[in-house]
Amino acid sequence: MEDKMNIEFPESYPMAGGDGAHSYAQNSKYQRGYVEAAKEMIMEAIVKKFDIKTLSTPLNSIFVADLGCSTGPNTFLAVQNIVDAIELKYQSEDYCTREIPEFQVFFNDHASNDFNTLFKSFPPKRNYLAAGVPGSFYGRLFPKATIHIFHSSNSLNWLSKVPNEITNKTSPAWNKGRIHYTNAKKEVVEAYATQYAMGMESFLSARGEELVVGGMMVLLIAAVPDVILSSDFTICTHLELLESCLTDMEKMGLVSEAKLDSINLPLYFPSLKELMAVFERNRRFSIESIQELSLQDKQVSPQTLTLTLRAGLEGVFEKHFGNDIMDEVFDRYSKKVASTPIYLNLGHENQKTLLLSVLLKCKPND
Ligand code: SAH
């Protein structure tokens, strides 16, 4: 059996489960904005580029998979957009003589994701069959040549793991006193970039096996411009602010120096250039389009911003620091953003994060 089929259990930090006040389900409107912004692009891509006639397998059923689905509800919106677009295509003139196939949607996330909440909140009326698929999307998840469309939103910024060298005290890449690569020394930035590129290579290679020829992949990935100055505002600036809360707490003796030194967020925001390089290195996919999306709701309140960040990152922090200091960390963050309004405008006019949608198509093997 090939290496890729060895199912590993990598590090995982699922979003906050359940549907309570701190849950991802209740606090992911920012991410939802991204999925909403991609709706038109997905519709157009499927209508124009998902060529049912040239797919390598006959279509009795259409298999769609959402990778890194979390607990909902954003994943339901994303897959519904895809299913609706394919139905629309079938109803169009070219295909009206064919029966609309059945849809099977696979919802994938780490095994530690709160799949119960996901399953309990499926839309009561849906025109697709559903199944959960636990496991890391950095490895194989599906049989060869079975999936027609992959979707993934807000998930490919999570690394498969924290790069080893940044937690090693004897390495030049030791990331002392920092929780991320933002404004860290160049060895740290390079270690993160290498980890990201390796992960993406595994991701694309696994998907290249699983997609049918002619199948498509829609990836929504937060990125940054190729050139950014340390004074530029991006999504990473938020992580730096969070870091400053922990540094303050360390100075007050609420967090130990060793604990602060050893935490690193497994998150990466590639530049457009890095992303293009990753896609171009993989020969199974043609890049059909890369577009920048923009959010409808750009202004957020300090509470919403804090809850959004907390629902995503609490898992990492809690595992490292324990639950006791969580309220304090995020209260401090909330106060800091409230007193600095620049953090509350997530629009492109204010910050340089690029919300990219990437459309890839699977080519035949060389
Ligand atoms: N797609 C949803 C959720 C994004 S949150 C949305 O747009 O709202 C990111 C999700 O990716 C989390 O649920 C996290 O557990 C998942 N994730 C991160 N790394 C993963 C991996 N290697 N394999 C599978 N899921 C992963």
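Just so it is clear, none of the values below were taken in a lab; they were calculated from the coordinates. Since the model is a prediction, treat every value here as computed from it, not as a measurement. All Cβ positions, glycine included, derive from the backbone under ideal geometry; neighbour counts span all protein chains shown.
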Report, by chain and number, residues whose modeled amide H sits under 5 Å from the one on Ser271, excluding near sequence neighbours (fewer than 5 apart, same chain). Val224
Which links in Lys161/Lys259; Lys39/Lys361; Lys273/Lys298; Lys53/Lys125; Lys298/Lys352; Lys39/Lys298 stretch past 20 Å when you go from one Cα to the other? Lys273/Lys298; Lys53/Lys125
Taking a quarter of the surface of the Cα convex hull of the chain, what do you get in nm²? 18.7 nm²
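Work out how much length Lys319 to Val47 would gain on full extension: take 0.36 nm times their residue separation and subtract the Cα-Cα distance, in nm to one decimal. List each step's numbers first, then the result.
On the way: separation 272, 0.36 × 272 = 97.92 nm, distance 4.40 nm.
Working it through step by step, the gained length comes to 93.5 nm.
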Heads up, region 111-176 by the C-alpha gyration tensor (a ≥ b ≥ c square roots of eigenvalues; a/c under 1.5 rounded, else a/b over b/c prolate, else oblate) looks prolate
Quick check: Cα centre of region 269-289 to Cα centre of region 225-249, how many Å? 26 Å
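Figure the gain on full extension for Ala193 and Ile100 (residue separation times 0.36 nm, minus the Cα-Cα span) and round it to one decimal in nm. Don't skip to the answer; put the middle values down first.
Details: separation 93, 0.36 × 93 = 33.48 nm, distance 4.33 nm.
Full extension from Ala193 to Ile100 adds 29.2 nm.
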What number, in percent, do you get for the relative contact order of region 29-362 if the mean sequence gap of Cα pairs under 8 Å and at least 6 apart is divided by its residue count? 21 percent
Return an integer: the convex hull volume of the alpha-carbon atoms of region 188-259, in Å³ per residue. 152 Å³
Dipole of the chain, positive direction: furthest Cα of Pro225, Thr146, Met252, with charges on the beta-carbon: Thr146
Placing +1 on the Cβ of each Lys and Arg and -1 on the Cβ of each Asp and Glu in region 29-362, which of Tyr268, Thr308, Ser160 has its Cα farthest towards the positive end of the resulting dipole? Ser160
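Can you tell me the dipole magnitude for the chain around its Cα centre, using point charges on the Cβ only (Lys, Arg +1; Asp, Glu -1), in Debye to the nearest 20?
Working: 36 positive and 45 negative charges, 49 e Å.
The dipole magnitude comes to about 240 debye.
Rounded to the nearest angstrom and ordered from largest down, what semi-axes does the equivalent ellipsoid of region 234-286 get from its C-alpha gyration tensor (root of 5λ)?
Numbers: eigenvalues 264, 29, 6 Å².
Listed largest to smallest, the semi-axes of region 234-286 are 36, 12, 6 Å.
What does the C-alpha gyration tensor say about the overall shape of region 95-148? Classify as rounded when a/c is under 1.5, otherwise prolate if a/b is larger than b/c, or oblate.
Working: a/c = 4.58, a/b = 1.36, b/c = 3.37.
In terms of gyration-tensor shape, oblate.
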Three principal axis extents, largest first, for the C-alpha atoms of region 119-264, in Å? 55, 34, 29
Glu240-Ser112 FRET efficiency (beta carbon distance; Förster radius 30 Å; 0.05 resolution): 0.65
For every other residue with a beta carbon closer than 14 angstrom to the beta carbon of Tyr333, add +1 if it is Lys or Arg and -1 if Asp or Glu, then tell me the sum. -3
Need one number: nm distance between label points at Ser271 and Ala21, each 7 Å from Cα along Cα→Cβ, rounded to one decimal. 4.3 nm
Cβ-Cβ FRET estimate between Asn164 and Asn282, R0 fixed at 35 Å, reported to 0.05: 0.90
What is the mean projected area of the alpha carbon convex hull for region 200-306, to one decimal in square nanometres? 10.1 nm²
Charge dipole (region 29-362, unit charges on Cβ, about Cα centre) - positive-most of Pro101, Ile290, Tyr333: Pro101
